[in-house]
Amino acid sequence: MVNVPQEIVDTIVEAIPTDHSMLKTCALVSSSFRYPAQKRLYKSVQLEFSQDTARHVYHGAALTPLQLHNILAANPVLGKHVKHLSVLLPWSDGEGLLVNLDMLPCVCKFSMTRSQFGDPFRHGNAHWSSLSAHLRNDIYNIIRSPQVVDISISNIDAFSAPFLTTCAQLKSINLEYVTHTNSTDFLVDVPPTSARRGGLEVLRLMRIADPRSFIDYFSAPLSILDISHLREYHTIMYNNVQDTAEFQTLSEPFARSLEKLSFEFSHNYGSRRMEPGDFDLTNMQNLRILELTSDDSVVEMHDWLEAFIYIALPENNVLQTLSFTLPYDYHSDMGWREIDTLLYNSFALAKTQVKFRFSPYFNSTKEGTDPELDEILEQDMPYLLERGAVLTWKKSLLYLTIPEDLNDWEYGEEF
């Protein structure tokens, strides 16, 4: 057999799609293929407590805690490949994780959500207290492990918010459809208040009924997880008056350090014209990336966008990228000429790369440009064309890019 350089073998394995059956087959080819294939196979491990669900629904891509324990007990080196541990929680009870930190020494990302399968008559979130104390404590220990810096929690009710304030090593927290409680049921050792405070860098509070409570917990004097140096914040707005006003005070602890801000607006958020004081990003002096996502079309958002650009954005800013993700209704007059003029004349965006991404109302996987969209560019967006705008399809999404440097840009650039 010809000896193929290991670098070439590694490149071949890296090029294989994320297909567990294919990677398992690849691991059996030879010893030179085994290590890189296993490294990819076990980089991200998903645990499902139901053996039938793990086998039939996830086609073997998910493991039960017992299966993972047996695999690592037989071949401990595989535990060093695991970087992301994802747990699909049962609706109630549940055995422990059966794996400890010695078995998974390199896990840096942890996520958990309720299982989508099991009782067909149950919907909504899993209640944290309905899980066994053993399982809850195992998860607490994983989240508190020094190497875990990124956690995601979704579809969980009554999770212990005070616990997160004891995890000084965390750099990124993503919470979605999570409610909290003041419970201190965690059995792990809580560090003394004199312990060195950690600095959270990324916070996502998506579809959280009471985001202020989490911010207040992180900002409390006893918290050893500091958010005053937060770099990224992602959230969703439901009510255009109440949520906007709350955001102004909610963001005060980290406004000056923030570099990336991402808003997702609920339907009809932009139907009311913005008034002075609704949004004020003046304090965000280091903001470089601003992302706005809405279910409303450009027609419905036009007045709001105009006011946002002229009221919320200070003329003197360091904003590098402003991106919009909006639905694209190709049957209606979208008022693109007004948008074209608005963006072109905005002094606040003179040095900013402005991007539009459109999620169409129809499914399509076609590549290239759409004739009707080309027509919009030619007839209604002359200024953007002058600046080198490009319109293309990518993964059923349309996006329009205004390059920052018109002499140096790539066709179909992703963002």
Of the conditions (1) modelled with pLDDT of 90 or more; (2) under 21 Å from the mean Cα position of the chain (by Cα); (3) part of a strand (DSSP E or B), H180 fails just one. Which one is it? (1)
Test each condition in (1) at pLDDT 80 or above; (2) within 29 Å of P146 (Cα to Cα); (3) touching a helix residue (DSSP H, G or I) at 6+ places or on another chain (Cβ under 8 Å) for S32 and report the one that comes out false. (2)
Check L85, L68, L72 and return the single one that is modelled with pLDDT of 90 or more, part of a strand (DSSP E or B) and more than 17 Å from Y177 (Cα to Cα). L85
Return yes when D150 is closer than 16 Å to M206 by Cβ, acidic (D, E) and modelled with pLDDT of 90 or more and no when it is not. yes
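The values are calculated or read from the model by the stated rules, or taken from the named source; none is laboratory data. All of these numbers come straight from a predicted model, not from anything done at the bench. We place every Cβ from the backbone using ideal geometry, glycine too, and count neighbours over all the protein chains shown.
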